[in-house]
1. When region 61-77 is examined, which residues are found to be among the acidic types (D, E) and closer than 16 Å to L33 by Cα?
2. For region 40-54, enumerate the residues that are under 14 Å from the mean Cα position of the chain (by Cα), touching a residue at least 24 places away in the same chain (Cβ under 8 Å) and under 13 Å from A81 (Cα atoms).
3. So for region 49-58 (the condition being modelled with pLDDT of 95 or more, assigned to a strand (DSSP E or B) and among the hydrophobic types (A, V, I, L, M, F, W, C)), does at least one residue qualify?
4. Given the structure, is D66 without any contact (Cβ under 8 Å) to a residue 60 or more places away in the chain, touching a Leu at 6+ places or on another chain (Cβ under 9 Å) and surrounded by fewer than 10 Cβ atoms within 10 Å (Cβ to Cβ)?
5. For residues in region 69-96 being more than 13 Å from the chain's Cα centre (by Cα) and in a loop (DSSP other than H, G, I, E, B), which is surrounded by the most Cβ atoms within 10 Å (Cβ to Cβ)?
6. Anything in region 1-41 that is surrounded by 15 or more Cβ atoms within 10 Å (Cβ to Cβ) and in a strand (DSSP E or B)? List them, or say none.
7. Return the residues of region 1-28 that are touching a helix residue (DSSP H, G or I) at 6+ places or on another chain (Cβ under 6 Å) and either over 18 Å from I51 (Cα atoms) or touching a residue at least 60 places away in the same chain (Cβ under 8 Å) (or both); say none if nothing qualifies.
Amino acid sequence: MSRVCELTGKGPMSGNNVSHANNRTRRRFLPNLNDVTLTSEKLGRGYSLRISAAALRSVDHRGGLDAFLAKAKDTELSDRARKIKRDLSKAEQPQL
């Protein structure tokens, strides 16, 4: 399981541990990933995603999963999130 947010693409960063003596050793800063189930109002079902805490706040701020995916760039989204976005766009189109 990769340590990448499925909605924002946020992944591990690298940096230094700096001791009191100013010795520097490499370290990794991992994103705060959580397993959550987000509900889509338009599709009427829940989706379990592994997203960062910052992405969860962004989803709440934008008004839910549907609104977040409508504004999100496809390059940042995971394959599963892109599929949900495609399903949402199909559901929005009027059926003839």
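1. Matches in region 61-77: E76 only.
2. Y47, L49, R50, I51
3. Yes, region 49-58 contains a residue that is modelled with pLDDT of 95 or more, assigned to a strand (DSSP E or B) and among the hydrophobic types (A, V, I, L, M, F, W, C).
4. Judged against the criteria, D66 is not a match.
5. If we take residues in region 69-96 being more than 13 Å from the chain's Cα centre (by Cα) and in a loop (DSSP other than H, G, I, E, B), then Q93 is surrounded by the most Cβ atoms within 10 Å (Cβ to Cβ).
6. L33, V36, L38, S40
7. E6, L7, T8
The values are calculated or read from the model by the stated rules, or taken from the named source; none is laboratory data. Just so you know, these numbers come straight off a predicted model, no measurement behind them. Backbone-built Cβ (ideal geometry, glycine too); neighbour counts: all protein chains shown.
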